[in-house]
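For reference, the structure is listed below as structure tokens.
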């Protein structure tokens, strides 16, 4: 068992690394006492870093996202085991950005991961039938209105689909924000995690 009560797992975007999200952990640490933070690298190589699935051709092909499931589950399962949360998935939060948010949303919507909370920054939900198995996971979708990489409409659509499937979903579309995590978005995510994890 872990000496900590909760675990936040950060899931980075394409061409990045887990380490790039750790400053966010540093800024949240004081507000989330007794919480562990982990930021694994995605399993596939990318010329700028790492990626969760290949984006050659159609980057949002649902088949690519589905084909990444096994490797995603292995990476996350390793983190969960190492951090001592194998029996406590409801004390875990996924915080994903861009491609990391896509695989996190897929993990929960497919019913594979029943975690305590999920925060998606600038993500989307791949077309699929949504499993009710993880319906107890509350979800926050944060998206910049000015995002030209993944349009904000993707999070609006995901919110509608997840809501229709019985999930508790909060959507925050931020005016003037692009494909990034803004300081206000980070603050909203922190409040959300405090509400559902602490």
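Overview of results
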read-out: Residue match in segment 48-59 (condition: free of Cβ contacts under 8 Å to residues at least 12 places away in the same chain, within 19 Å of residue 123 (Cβ to Cβ), surrounded by fewer than 16 Cβ atoms within 10 Å (Cβ to Cβ) and touching a helix residue (DSSP H, G or I) at 6+ places or on another chain (Cβ under 7 Å)); value: yes
read-out: Residue match in segment 14-22 (condition: out of contact with any strand residue (DSSP E or B) (no Cβ under 9 Å at 6 or more places or on another chain) and either over 20 Å from residue 138 (Cβ atoms) or without any contact (Cβ under 8 Å) to a residue 12 or more places away in the chain (or both)); value: yes
read-out: Filtered residues of segment 131-149 (kept if over 23 Å from residue 74 (Cβ atoms) and part of a loop (DSSP other than H, G, I, E, B)); value: 135, 136, 138, 145, 146, 147, 148, 149
read-out: Per-region count, segment 107-144, residues farther than 15 Å from residue 94 by Cβ and in contact with a strand residue (DSSP E or B) (Cβ under 8 Å, 6 or more places away or on another chain); value: 2
read-out: Matching residues in segment 168-188 - criterion: being in contact (Cβ under 8 Å) with a residue 24 or more places away in the chain, out of contact with any strand residue (DSSP E or B) (no Cβ under 6 Å at 6 or more places or on another chain) and either closer than 19 Å to residue 114 by Cβ or assigned to a helix (DSSP H, G or I) (or both); value: 168, 186
read-out: Unmet requirement for residue 48, which otherwise passes all of (1) modelled with pLDDT of 95 or more; (2) in contact with a strand residue (DSSP E or B) (Cβ under 8 Å, 6 or more places away or on another chain); value: (1)
read-out: Top-ranked residue of segment 65-94 - restricted to ones that are modelled with pLDDT under 90 and surrounded by fewer than 18 Cβ atoms within 10 Å (Cβ to Cβ), ranked as nearest to residue 124 (Cα to Cα); value: 66
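The values are calculated or read from the model by the stated rules, or taken from the named source; none is laboratory data. Small disclaimer: the values here were computed from a predicted structure and weren't measured. Reconstructed Cβ throughout: ideal geometry from the backbone, glycine too, with neighbour counts over all protein chains shown.
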